[in-house]
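**Student:** Take a look at this one; I'll ask things after.
The values are calculated or read from the model by the stated rules, or taken from the named source; none is laboratory data. Since the model is a prediction, treat every value here as computed from it, not as a measurement. Here Cβ is always computed from backbone atoms with ideal geometry, including for glycine, and neighbour counts include all displayed protein chains. What goes into the accessible areas is simple: the full protein's heavy atoms, side chains included, and nothing from ligands, DNA or RNA. Shrake-Rupley method; radii C 1.70, N 1.55, O 1.52, S 1.80 Å.
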Amino acid sequence: MWAERVFRKVEKAGRVPHRRRGRAGADAFRVGTGRGVPLWAALILAAAGGVLFNAAFPALSWWPLVFPGVGLLLYVQQGRRAWSALLVGFVGALAFYISDIYWTALYLGPVPWLALSITESFFWSLAAVLITLAYRWVPRAVPGRLGTLVLLPLVVAGLWTLREFQTDHWPFTGFAWGRVAYTQSQSPFTPLVGWVGVAGLTFLLVWVSAFALACLQEVGMSRLTRAVLPVTAALAMASVPAWPSHALGSARVAAVQGDGPAGYFDPNNKYGAVEQAQVNATVPLFSKGPFDMVVWPEGSADANPLADQNSASVLSALSRVLDAPLVVGAITEDGPKTFNSSLLWDGDKGKVAQYDKQLPVPFGEYIPLRPFFHALAPALVDLVQRDYTPGTRPNVFDIRGTGQDIRAGISICFDIIDDRQIPQMIDGGAQLILAQTNNADFGRTEENVQQLAIARMRAVETDRSVVNISTVGTSQVIGPTGRTLAAIPAYKPGVLVASVPLSTGITPAVRFGAAIELGAAALGGAGLVGCLGLLLTQRRRPRGNPEDGVWSRDARRAESD
């Protein structure tokens, strides 16, 4: 009840009188009336919006659906009260997350899937309340089309970006999945990510959706104008050219998908079985050299070569036969600490570099607050038997290939979805990105193609080639423009061999991406607070004739409502 009381006080502070316009049925659809669709209809439309939004993501990849999906999720927040706004936002978010991340339930069952979906939906619902307030306050604080068509879509898009920023970073290390921009890995809007970054593209896509909705609801505009304005805005965005690539030279890269029993719960996952599958799949490369490097996936050297002499000997022998350094994934230990690592391996020197994953996945690679969560769900918590320690080593390898030195950025599994990892690579001089992953625990679900779409976005965002190599798929080499250069079918052993462009430039997205994200989020928050301030100022201003200091009876009555 305290939340409802706070909401009502804030709402009353921001309330100003306004005239009824048009028919009652039309009023319910317009922003300024403060009335939305009935709750039962809003819940149905919110669920439909969440499902439409999910359909824009892989594997369906119906990217145009991002606009009606987001637009519907925004529309149902209009004219709601506190608990209604929370509930409608929660239902829309839950419909999205349940359909988008169902792959988390494949081996662990429905409890983690539902827990994660409900948690993320709760944060979404809090942001939904802010969006409801924006639809109530902005048109009143800034009357006319300046408020409804210009300021309101900007504030709403900023609040959505603010919500994504929060879920990307907190709690723990966040969960940066399901961002609006990730729907556009192969669309006319893909090149924009090189200019504004992932968060900036999210802002622009939500802005177009909110602008289209505002045009649809605006009074006194012709149908042609309502359609032309948002379509023109979308076409202008789609017409932005790709950031000019600064690719200089290339590297001949081989990557190996072993299709071994890499699943955490795979009954065939015996000690060394994954590594043996990788060795078997690597043999065809013996006659395909020379290479600048050979890349194996995350956890591919499951018999830790830093502790197992036989594993180390096998890697050294392979490196000498291939006459190329190996980049392999392994689980390493340093005293009581365990790391999810990537190793640069030389046939004569052994390990020459190591990167330890800096952001282990909570509840997947470690259990935060383990005693607390163990008391709630001991059987589930006990499934994660080891807690990975966050690494501190740089995520760039200096690889000495066939006559050239190559700097490769290293990404392990969900590193690729986190904005914090990318600038580190580029600042470290990375000319390409090696994205090592293990998708075996998610089977033939949409998770692997969703992650591949994110890797493709990172290629365009950074102007860097990405070698996305998985234990089981989907594995591809992606060029700086987002084009696939080589691919292996999922769940089949095979090799990728490609001449990979090396880039040295820095895109605006990398240079200014963090500032763009913070600026967009600040625009949403500051715009909402600023409009509240204007409404409070208007509330204190006397109505009627200011010279005689007497308010009219109608003005006093309106003020007391």
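**Student:** Could you tell me which residue of segment 282-292 is farthest from residue 331 (Cα to Cα), considering only residues that are open to solvent by less than 10 Å² (accessible area, probe 1.4 Å) and assigned to a helix (DSSP H, G or I)?
**Tutor:** Looking at residues that are open to solvent by less than 10 Å² (accessible area, probe 1.4 Å) and assigned to a helix (DSSP H, G or I), I get 285.
**Student:** Looking only at segment 223-257, which residues are open to solvent by less than 50 Å² (accessible area, probe 1.4 Å), under 30 Å from residue 432 (Cβ atoms) and of a type in the set (A, V, I, L, M)?
**Tutor:** Those that are open to solvent by less than 50 Å² (accessible area, probe 1.4 Å), under 30 Å from residue 432 (Cβ atoms) and of a type in the set (A, V, I, L, M): 237, 238, 240, 247, 251, 253, 254, 255, 256.
**Student:** Within the set of pairs 6+ apart or on separate chains, which have a first residue in segment 197-222 that is free of Cβ contacts under 8 Å to residues at least 12 places away in the same chain and open to solvent by 10 Å² or more (accessible area, probe 1.4 Å), a second that is part of a loop (DSSP other than H, G, I, E, B) and not hydroxyl-bearing (Ser, Thr, Tyr), and C-beta atoms under 9 Å apart?
**Tutor:** 216/29
**Student:** Related question: Give just the number: which of (1) β-branched (Val, Ile, Thr); (2) crowded, with 17+ Cβ neighbours inside 10 Å; (3) under 27 Å from residue 291 (Cβ atoms) does residue 338 not satisfy?
**Tutor:** (3)
**Student:** Within segment 438-495, considering only strands (runs of 3 or more DSSP E) that don't extend past its boundaries, which have at least 2 residues that are surrounded by 24 or more Cβ atoms within 10 Å (Cβ to Cβ) and not acidic (Asp, Glu)? Walk me through it before giving the result.
**Tutor:** Numbers: elements: 465-470, 475-478, 484-488.
Of the strands (runs of 3 or more DSSP E) lying wholly inside segment 438-495, those with at least 2 residues that are surrounded by 24 or more Cβ atoms within 10 Å (Cβ to Cβ) and not acidic (Asp, Glu) span 465-470, 475-478.
**Student:** Please give the number of the condition residue 84 fails out of (1) at pLDDT below 95; (2) more than 21 Å from the chain's Cα centre (by Cα).
**Tutor:** Among (1) at pLDDT below 95; (2) more than 21 Å from the chain's Cα centre (by Cα), the lone unmet condition for residue 84 is (1).
**Student:** Cβ contacts < 9 Å: first residue open to solvent by less than 40 Å² (accessible area, probe 1.4 Å), restricted to segment 378-407; second residue among the charged types (D, E, K, R) and in a helix (DSSP H, G or I), any location; separation 6+ or different chain. Result?
**Tutor:** Matching pairs, first to second residue: 381/370; 384/370; 395/415; 396/427.
**Student:** Now for a different question. For segment 395-414, which residues satisfy the criterion of being closer than 19 Å to residue 451 by Cα and in a strand (DSSP E or B)?
**Tutor:** Correct list: 409, 410, 411, 412.
**Student:** Somewhere in segment 316-333, is a residue in contact with a strand residue (DSSP E or B) (Cβ under 8 Å, 6 or more places away or on another chain) and on the phi > 0 side of the Ramachandran plot?
**Tutor:** No, because not a single residue in segment 316-333 is in contact with a strand residue (DSSP E or B) (Cβ under 8 Å, 6 or more places away or on another chain) and on the phi > 0 side of the Ramachandran plot.
**Student:** Okay, moving on. In segment 76-132, how many are more than 25 Å from residue 365 (Cα to Cα) and assigned to a loop (DSSP other than H, G, I, E, B)?
**Tutor:** Adding up the residues that qualify gives 6.
**Student:** When residues of segment 145-185 are filtered for being in contact with a helix residue (DSSP H, G or I) (Cβ under 7 Å, 6 or more places away or on another chain), in contact (Cβ under 8 Å) with a residue 12 or more places away in the chain and part of a helix (DSSP H, G or I), how many remain?
**Tutor:** Here the count works out to 24.
**Student:** Being within 32 Å of the chain's Cα centre (by Cα) and among the hydroxyl-bearing types (Ser, Thr, Tyr) is the requirement here; does residue 300 meet it?
**Tutor:** yes
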